[in-house]
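We did not get these values from a lab; they are worked out from the coordinates using the rules stated. The structure displayed is predicted, hence computed values, not measured ones. Every residue, glycine as well, gets a Cβ built from its backbone with ideal geometry; the counts of neighbours run over all protein chains shown.
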Amino acid sequence: MDITTALGALESLSSSTSTSSSGPLNALIDNQFNRAKSRIIAGEDPKLVIAELQKSVKNCKKDVEKGLKSWYGALGNVGKEVDKAFPPNLAAISEAYSDPPLFSDPEAIRALDEVILESLGRRGIWEAVEAMEEETSLSYPSSKRSLSTELQYILTSISSSDLQPALNWCESNSSFLSSPPHPSSLPYYLHKAVFRSIKNRQEAIVYARKNMMQYVPTQPVLKLITSCLYDPTTPPLHPPKSTNGDIAMSNQEAEEKERKDELEELRKMFQNEFCRRYQWSKEDPLEVVTELGSRGGTLDKIEKARRVMGEHLGNVRKWDELPMEVPLPTSRRYHSVFVCPVSKEQATESNPPKMLTCGHVIAEESFNRLLKGGRRSIKCPYCPMETSQSVAQRLYF
């Protein structure tokens, strides 16, 4: 469980009538008390009516306590996940940066506000964006606002199995999606999802012929079309030992899960292509920084290094850089500049990085120098594997 899951569980409790304390109380007041009053006025024994009313009050108390127990459990889970996400000594780390203090510089404050505003805008939380614009001198660009609104609309449509808005966007940006060096396969996977959702085989084949034949050179379109010839309703030769109802239910649940996973993958693919189209960062900057600083423990490691180095080198807190490497997960290793490990020179458009068969990367000029003497392949400077000139691939960071 993470923070998002814990908050989702807490939100579901707020919309559930079984965990609401107002429901049992309102029922007690509207039904039991009014009915007891009517019975006493009608002449029934007050002692008997009051005794029954006391039982109703006790039952109502149990219902309220049961609902509160669920709330306490959900709130406790949120607290636990917050403690896991943020180091408990984060406050001490913040105090340690009092010289110089964190975000005291106007430039740093503005940078933090810009990152937060960008994150809110990308998520389409416009009320928060407007509130932050009022509190700061920043403003979210109207052009990005319209793009963010479009992105959120299409992502929501994909989640609800409506892929037509995404397909319309792909058609409007077809020249960009098909251009090198990174032609996108997003349109194919969208059409594939539509194809798989069509129950009528003839209609599915007609759809594939109309929309998917252009992808035959690069994608297994023909294999996908011929898969319609297989009848998934045909029982297997040796069915599992369970009732037909159980088999149907398990198959239905598996299909629903597979469909949900497919839509989630399409959401990620579309968001990546949308951000690439408009030159947005692939991931939310605020989310990346928060994850690295909290879950990754980067702040904790940096503070420990400052403390150890400070004992030998004096006050190092005012240093702009530290001679240390912070371990990061593979997905968070960003290389905006590549330096060839052989020539020690930065890669450029005329001297791009090239990946060898073994996975090591060197600059193109270094690769060509190793090819001198009429050689058709080179030996990697770091391992015994050889790579020919036609196999070496250019990398784009």
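For Ser70, Ser390, Ser38, what ranking results if the residue with the fewest other Cβ atoms within 10 Å of its Cβ goes first?
Ser390, Ser38, Ser70
Can you figure out the FRET efficiency of Val206 with Glu107, using R₀ = 56 Å and their beta-carbon distance, to the nearest 0.05?
Result of the calculation: an efficiency of 0.40.
What is the extension gain from Ser157 to Gln252, computed as 0.36 nm multiplied by their sequence separation minus the C-alpha to C-alpha distance, in nm to one decimal?
So the extension gain works out to 31.9 nm.
Using 0.36 nm per residue of separation minus the Cα-Cα distance, give me the extension gain between Arg277 and Asn26 in nm, one decimal.
Contour length minus Cα-Cα distance gives 84.9 nm.
Just subtract the alpha-carbon distance of Ser146 and Arg375 from 0.36 nm times their residue separation and send over the number in nm, one decimal.
76.9 nm is the gain from fully extending Ser146 to Arg375.
By counting other Cβ atoms within 10 Å of each Cβ, how are Trp169, Trp71, Trp280 ranked from fewest to most?
Taking fewest neighbouring Cβ atoms as first place, the list is Trp71, Trp280, Trp169.
Take the Cα atoms of the range 335-397, build their convex hull, and give its volume per residue in Å³.
81 Å³
What's the exposure ranking of Glu256, Glu81, going from fewest to most Cβ atoms within 10 Å?
Exposure proxy ranking, most exposed first: Glu256, Glu81.
Near the amide H of Ala363, under 5 Å away, which other amide H atoms are found, from residues 5 or more places off or on another chain, if H is placed in the peptide plane?
The list, which skips near neighbours in sequence, is Val342, Ser343, Lys354.
With r as the distance between the Cβ atoms of His182 and Cys358 and R0 = 22 Å, compute the FRET efficiency 1/(1 + (r/R0)^6) and round to 0.05.
0.40
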